[in-house]
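Asks: Can you keep this structure in mind? I'll have questions shortly.
What follows is calculated from the coordinates using simple rules that are stated; it is not laboratory data. A quick note: this is a predicted structure, and the numbers were derived from the prediction, not measured. Don't worry about glycine lacking a Cβ; one is built from the backbone with ideal geometry, like all the others, and counts go over all protein chains shown.
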Amino acid sequence: MSFYRALCLSTAVFICSDLLMAAAPVDLSKSTTMKADQVTREEKFGLVVARGNVEIVHDYEILQADTVTYNEALDQVSASGNVRLKKKEGDIVFAQYLQLSGDLKEGVVREIRMILSDDSKLAATRGERESGTRASFDTVSYTPCNVCRQNPTRPPLWHINARRVVIDEAEEDIIYTDAIMNFWDVPVMYLPYFSHPAPNVKRRAGFLSPTFGNASGSSGAFVRVPYFIPIGNNKDVTVAPLYADHRPGLQLSYRQRFAKGYAHLGGSGIFGHRRPPTQRDPATGAVLPNPDKALDLSFRGHIVGRTQFDLTPFWRVGANLERATDQTYFRRLPYFGFKNSSYLMSKAYAEHFKRLDYFSVEGYSFQGLREGDRISTTPLLLPVVEYSTVSRVGKWGETWSFDAGALGVNRRIGTNVQRFSMTGGVQRPFYSSWGDVYTVGTKVRGDIYNVHNYKPNPTLGERSGVAGRLFPQLFTHWRYPFVKIGENHRSLLEPRAGLFVAPNTAQGYKIPNEDSLFTEFNTYNLFAPSRFAGLDLVDTGSRFAYGLGGETTFPKQDVTLEGFLGQNVSFNEPRDYLKNTGLEYRWSHYVGRLEARYDDWMALGTRMLLNRVRMRPERQEFLASLGKPILRLSADYVHLPTPQGVTAQSDKRRQIVLGLSSQITREWMLMATTTRELGSGAHALSHGGGVTYQDECFTLQVTAEKSFFRDRDVKPGVNFMFRLVFKNLGEVSHQLNLGDPKGSRPDMLGGF
């Protein structure tokens, strides 16, 4: 809130009051009322004086003072003695004396104190308004921190003192002279001069908070200084020169809002030097002099974009863009995001929603970031068409459904596929007098494939041509919930069963599997007509699924217990592609889920695939949180099954993340975390810890993390990061990475 604005509004109350000055113009659109113990007019001196508990209300603003005086000769309004102005925005202004001219262009205020709407506090010994557009204040102190209620004289955590503050209304600037930042009343920083936009300024060109970092295990030293440039009211550009590992670079961001959509485009680039490879003598291993002393210029960067437009209430279109020059760019420069992503996805789409219908046309382009991913074999999905509709409930309680879709999988090298698919179905629920529920339904699906350069296995040559299939399926589902409500608990026990009948047809070597490469058998797809994520694999054969679920709650103790256990029984011999999924036997492995919650003190949950004979987990996910904020332990454990072709001795698919945190006071919190790989060759992947202080006006965060793994040109290292946030001023952050000395090298951003 501007200092001037507070004074200006308070003076407007006096000028608009016809009770104080009959000759002054009155804004009839806003009523004014006044209360005072005494109102007199002194003709000799040309004064109108209101004395004793003066209260003036105008436009939802309240002015209180001991005395309010209007000098007709000088055209001045003054208020003195416990002056208090409560503004409609929530600001409260206190002063001992206030005086302004009738035209609001000049004035003086003494001993001013303000409590702003965001609970910030400001004080000054004197303020003066000049020329109608400029106000200055002497000996200013400002803080957004709360005042100690037990000891109001105790200094706040931090505050700023300035010899002089000028508010320029025309330029909308606040200018400080001889400003000092104090922590616990101890000076820590001196700025002879600085300025920032007034609080009412929403957008203005200028520098944003810089970013500093050091990651010698990856990108080396890093500095980024963004500069914001508004272009009109609905678009802006941010230009951020950066410097990373002795190489200059640039980051750009463009944003624009439209009446029915938005567009955002950004990216970065690093111009670096790539040193020529070291040459050694084959016999002695000695380094040979390199005749090429020049360094090769190289470029690394990325581009991202996002746009979406609502064309009508039922149609919208949009696009996402994600691309990088190389696979480890984001790992080496984590400041741009995508650090833990395994791929980048670009997408264009159009969607239609109306009642119970959905239609979409999409296109996908991927960039793999894992070692071994190649652009030539990564598919371009174009087009991806999907249509889905569901009927309203019919006369006999039935519901009809229809789905159709088209898919194009295009590669430079490898299999190219075009697929068209349609699925129609109907289902109806039945409710018995005993309380159990039956659902009976049927589906029929037809697929047509046009395949090019498809090689089913190494023994067969490449095949091209058209193939099709028709797949009908009948299914029924039964559930019988038993509910018991006791004095202190509520319990639910629900047995479930499902029967699925379909022809036991082979997958066929003419149809490639593109969208169902990974199958996860769990409690969510146990009773689904298809247990596969995509359409290329059909869930052939007949099977029976059963399970038992339950839940018990104790409302008074705030305790909840949930669980489920189920199994699949196949009437046909399982296919080879079901190996290591839990469905490789006619009597499958068990799928289960357990959850336990107690108030905010405990939360436990696990999903598992249990061996049908030994009842040992073949796959398991476990999450736990124990304790109160004063001391809380968390654990995240995952155990994945051994993939085909990988021996158990070389398997590294068990991992655990342990965390410990403590909110030792309302402001201070400590935390520590560790990530370990379990099984054969178990070792630590990372350790981390940190401390955080946060109150109403200041945040301090310090964290450290040591990583032990390597990913191509990304080396192990130690990361340090600290972050300072000052309410209403901004933040300062710094990130430091001390890499493994054995793995570090000077040309971090070269060599690709």
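Asks: Which order do the peptides 656-664, 70-78 come out in when sorted by mean C-beta neighbours inside 10 angstrom, highest first?
Replies: Values: 656-664: 16.0, 70-78: 17.8.
Averaged packing, sorted descending, gives the order 70-78, 656-664.
Asks: Per 0.36 nm of contour for each residue apart, how much would the distance between H489 and K556 grow if the chain were fully extended, relative to their Cα-Cα spacing?
Replies: My answer for the length gained is 23.3 nm.
Asks: Using the Cα centre as the reference, give the magnitude of the dipole from point charges on the C-beta atoms of the chain (Lys, Arg: +1; Asp, Glu: -1; all else neutral), rounded to the nearest 20 debye.
Replies: Details: 90 positive and 77 negative charges, 561 e Å.
The dipole magnitude comes to about 2700 debye.
Asks: A further question follows. What are the ³J(HN,Hα) couplings of region 499-515, residue after residue, when phi is run through the Karplus curve with 6.51, -1.76, 1.60 and θ = phi - 60°? Round to Hz, x for glycine and proline.
Replies: Here the 3J(HN,Hα) series is 10, 10, 10, 7, x, 8, 8, 6, 4, x, 7, 7, 10, x, 9, 9, 10 Hz.
Asks: Would you work out which of T32, L594, Y358 lies farthest towards the positive end of the dipole of the chain, given +1 charges on the beta-carbon of Lys and Arg and -1 on that of Asp and Glu, about the Cα centre?
Replies: L594
Asks: Please give the length that would be gained between T153 and K354 if that part of the chain were fully extended, namely 0.36 nm times their separation in residues minus their C-alpha to C-alpha distance (nm, one decimal). Please list the in-between numbers first.
Replies: Values: separation 201, 0.36 × 201 = 72.36 nm, distance 6.40 nm.
Length difference between fully extended and current span is 66.0 nm.
Asks: For the chain, report the % of Cα-Cα distances exceeding 44 Å. Please list the in-between numbers first.
Replies: Values: 145550 of 282376 pairs.
Tail of P(r) above 44 Å: 52 percent of Cα pairs.
Asks: Follow-up. In a shell of Cβ-Cβ distance under 12 Å around G468, excluding G468 itself, what net charge do Lys and Arg (+1) and Asp and Glu (-1) give?
Replies: Details: positive: R419, R445, R469, K510; negative: D447.
Combined, the nearby Lys, Arg, Asp and Glu give +3.
Asks: Could you tell me which residue out of S117, V409, V691 lies farthest along the dipole of the chain toward its positive end? Charges go on the beta carbon: Lys and Arg +1, Asp and Glu -1, centred on the Cα centre.
Replies: Going by the charge dipole, the pick is V409.
Asks: Determine the calculated [θ] at 222 nm for the chain from helices alone, applying -39500 (n - 2.57) to every DSSP H run no shorter than 4 residues and normalising by the residue count; nearest 500 deg cm²/dmol. Mind showing how you got there, number by number?
Replies: Values: 2 runs with 18 residues, N = 752.
Computed ellipticity for the chain at 222 nm equals -500 deg cm²/dmol.
Asks: Sticking with this structure for a sec: Got a sec to turn the phi values of region 366-382 into Karplus ³J(HN,Hα) couplings, 6.51 cos²θ - 1.76 cosθ + 1.60 with θ = phi - 60°, whole Hz, x for Gly and Pro?
Replies: Couplings: 10, 10, x, 10, 8, 4, x, 5, 10, 5, 5, 9, 6, x, 9, 8, 7 Hz.
Asks: Along the Cα-to-C-beta direction of A506, a point sits 7 Å from the Cα; which residues of region 531-562 have their amide N less than 17 Å from that point?
Replies: 537-541
Asks: Based only on other Cβ atoms within 10 Å, what is the fewest-to-most ordering of W478, W184?
Replies: W184, W478
Asks: What are the ³J(HN,Hα) couplings of region 464-477, residue after residue, when phi is run through the Karplus curve with 6.51, -1.76, 1.60 and θ = phi - 60°? Round to Hz, x for glycine and proline.
Replies: Working through the residues one at a time gives 9, x, 10, 9, x, 7, 10, 10, x, 8, 10, 8, 9, 9 Hz.
Asks: Let me ask you something else. For E696, project a label point 7 Å along Cα to C-beta. Then give me every residue of region 57-92 with its amide nitrogen under 20 Å of that point.
Replies: Those under the cut-off are 85-92.
Asks: How much length is gained if the chain between R323 and T177 is pulled fully straight, taking 0.36 nm per residue apart and subtracting their Cα-Cα distance, in nm to one decimal?
Replies: Fully extending the segment from R323 to T177 adds 47.9 nm.
Asks: Something else: Using a Förster distance of 30 angstrom, determine the FRET efficiency expected from the C-beta separation of A170 and V108, and round it to 0.05. Don't skip to the end; give the middle numbers.
Replies: Working: r = 20 Å, r/R0 = 0.68.
Efficiency at R0 = 30 Å is approximately 0.90.
Asks: For the pairs K395/K484; K339/K455; K202/K260; K579/K715; K44/K86, note any where the Cα-Cα span goes beyond 25 Å.
Replies: On the way: K395/K484 34 Å; K339/K455 35 Å; K202/K260 22 Å; K579/K715 36 Å; K44/K86 33 Å.
In this structure, K395/K484; K339/K455; K579/K715; K44/K86 exceed 25 Å between Cα atoms.
Asks: Can I ask one more? Evaluated at 10 °C with a viscosity of 1.306 mPa s, what Stokes-Einstein diffusion coefficient in µm²/s does region 404-490 have when Rh comes from the Kirkwood expression over alpha-carbon pairs?
Replies: Numbers: Rh = 17.3 Å.
Value of D from the Cα-based Kirkwood radius: 92 µm²/s.
Asks: Provide the FRET efficiency to the nearest 0.05 for the A624-N82 pair, computing r from the beta carbons and using R0 = 56 Å.
Replies: Working: r = 59 Å, r/R0 = 1.06.
Here the calculated transfer efficiency is 0.40.
Asks: Per q in 0.12, 0.16 Å⁻¹, report the Debye log10 I(q)/I(0) for region 572-698, using one uniform scatterer on each alpha carbon and no solvent.
Replies: So the normalised log intensities work out to -0.63, -0.92.
Asks: Oh, and also: How high is the FRET efficiency from L633 to N146, r the C-beta distance, R0 25 Å, rounded to 0.05? The partial results should precede the final answer.
Replies: Values: r = 32 Å, r/R0 = 1.30.
Computed FRET efficiency for L633 and N146: 0.15.
Asks: Could you list S376, S360 so that the one with the fewest beta carbons within 10 Å of its beta carbon is first and the one with the most is last?
Replies: Working: S376 8, S360 16.
In increasing order of surrounding Cβ atoms, one gets S376, S360.
Asks: Could you please rank F726, F532, placing first whichever residue has the fewest other Cβ atoms within 10 Å of its Cβ? All intermediate terms of the calculation are to be shown ahead of the outcome.
Replies: Numbers: F726 15, F532 19.
Listed from fewest to most nearby Cβ atoms, that is F726, F532.
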